[in-house]
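Trainee: Starting off with a structure, shown below.
The values are calculated or read from the model by the stated rules, or taken from the named source; none is laboratory data. The structure displayed is predicted, hence computed values, not measured ones. Cβ: placed from backbone, ideal geometry, glycine included. Neighbour counts: every protein chain shown. These area figures cover heavy atoms from the full protein model, side chains too; ligands, DNA and RNA do not enter into them. Shrake-Rupley method; radii C 1.70, N 1.55, O 1.52, S 1.80 Å.
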Amino acid sequence: MGKKADKTNVMRILDKKKVKYNYYSYDSTKLKFVDVANSRGQDLAMTFKTLVIVGKSKEYYVFMVPMEKELDLKKAAKVAGEKSLEMIPQKELLSVTGYIHGGCSPIGMKNQFRTFIEKRSNCTNKVCRWF
């Protein structure tokens with residue numbers, strides 16, 4: 001890692017807590033998540049993506065799902081207690097979270113949002129259980 005300004009919020013938090021971590025970088029404009037996971041030898045089922053969603057109430061939510069799965073917005077809305085949910089526009093991601101598309105972490109966002117992580121089970125291709 002280079003100078004201090006190169007660190008992300010999550011890296012600063014982990015450094016402060018003296019938590020060891022591995023840092024990987026990639027050009028998110030050229031690679032798809034499958035390419036990134038495969039280049040690292042990672043199991044797609046164990047590689048998660050962070051999705052930032054906004055509810056009808058204008059509240060933001062974070063959902064972490066395995067990269068190979070899709071988020072079922074109807075089920076996610078039910079879990080969040082919302083009438084409906086939608087993905088935030090990509091152009092709003094940086095201002096809402098402090099992170100860019102392809103590098104969004106549920107840790108260290110500008111604001112804390114309710115975060116849901118898919119619980120591993122024998123699910124179909126849609127998200128079915130949360131904790």
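Trainee: What's the number of the only condition in (1) of a type in the set (Val, Ile, Thr); (2) open to solvent by 30 Å² or more (accessible area, probe 1.4 Å); (3) in contact with a helix residue (DSSP H, G or I) (Cβ under 7 Å, 6 or more places away or on another chain) that ILE88 fails to meet?
Mentor: (2)
Trainee: Just to be sure I understand, how many residues within the range 40-80 are closer than 21 Å to GLY102 by Cβ, assigned to a loop (DSSP other than H, G, I, E, B) and open to solvent by less than 60 Å² (accessible area, probe 1.4 Å)?
Mentor: Summing the residues that are closer than 21 Å to GLY102 by Cβ, assigned to a loop (DSSP other than H, G, I, E, B) and open to solvent by less than 60 Å² (accessible area, probe 1.4 Å) in the range 40-80 gives 4.
Trainee: Something else: Do you know which of the residues in the range 91-108 that are open to solvent by less than 30 Å² (accessible area, probe 1.4 Å) and assigned to a helix (DSSP H, G or I) is farthest from PHE48 (Cα to Cα)?
Mentor: Ranking the candidates gives VAL96 first.
Trainee: Exactly one condition in (1) open to solvent by 100 Å² or more (accessible area, probe 1.4 Å); (2) not in a loop (DSSP other than H, G, I, E, B) is false for TYR23; which is it?
Mentor: TYR23 satisfies every listed condition except (2).
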